[in-house]
Amino acid sequence: MVDTGSGKIRVDKWLWYARVVKSRSLAQSTVKSGKVRVNSTRISSPSSNISIGDVLTITLDRQIKILKVQAPGVRRGPAPEARLLYEDLSPPAPKKEDIVWTTNTVAVRDEGAGRPTKKQRRETIRFRENAAKSDYDDE
């Protein structure tokens with residue numbers, strides 16, 4: 001039961017309603033593990049209440065989400081309805097072109113090229129074998 005009059009709701013329920021996590025138990029474990037901050041204060045109790053205007057900082061697997069609560073929510077509805085519960089303040093993810101590669105990177109393949117074909121793999125093996133033989137020939 002959600003108390004819509006005061007605009008407060010449990011943080012674990014809100015995370016589930018807003019579709020930040022897939023299940024309510026996952027929301028509880030995320031909060032318990034200290035991966036959620038409310039207004040820059042780390043919380044560890046899933047029963048902590050949040051209200052409209054609070055800013056949540058959530059650390060997920062490979063990203064950090066910063067969400068401002070716009071509505072407490074009444075149910076876990078479809079994704080378009082869930083997006084109305086928050087304003088996303090997260091910085092955009094860097095584009096592939098903006099990532100700086102070091103000199104120790106692997107060979108660059110065209111995007112969508114997939115794995116090498118058998119013919120390409122055999123050519124690579126032959127090249128490596130010939131390079132290894134020429135190293136021994138120089139001695």
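List the lysines whose Cα lies under 30 Å from the Cα of Lys8, skipping any in the same chain that are fewer than 8 positions away. Those lysines meeting the cut-off are Lys22, Lys32, Lys35, Lys65, Lys68. Of the peptides 35-42, 120-127, the order by per-residue mean of other Cβ atoms within 10 Å, starting with the highest, comes out as 35-42, 120-127. Count Lys and Arg as plus one, Asp and Glu as minus one, and take only other residues whose Cβ is under 11 Å from that of Arg76; the net charge is then +4.
The ellipsoid that matches the Cα gyration tensor of region 8-95 has semi-axes, each √(5λ) in whole angstrom, of 17, 16, 13, with the longest given first.
None of the figures in this text is laboratory data; all of them are computed from the coordinates on show. The structure displayed is predicted, hence computed values, not measured ones. Counting neighbours? That spans all protein chains shown, and the Cβs are built from the backbone with ideal geometry, glycine included.
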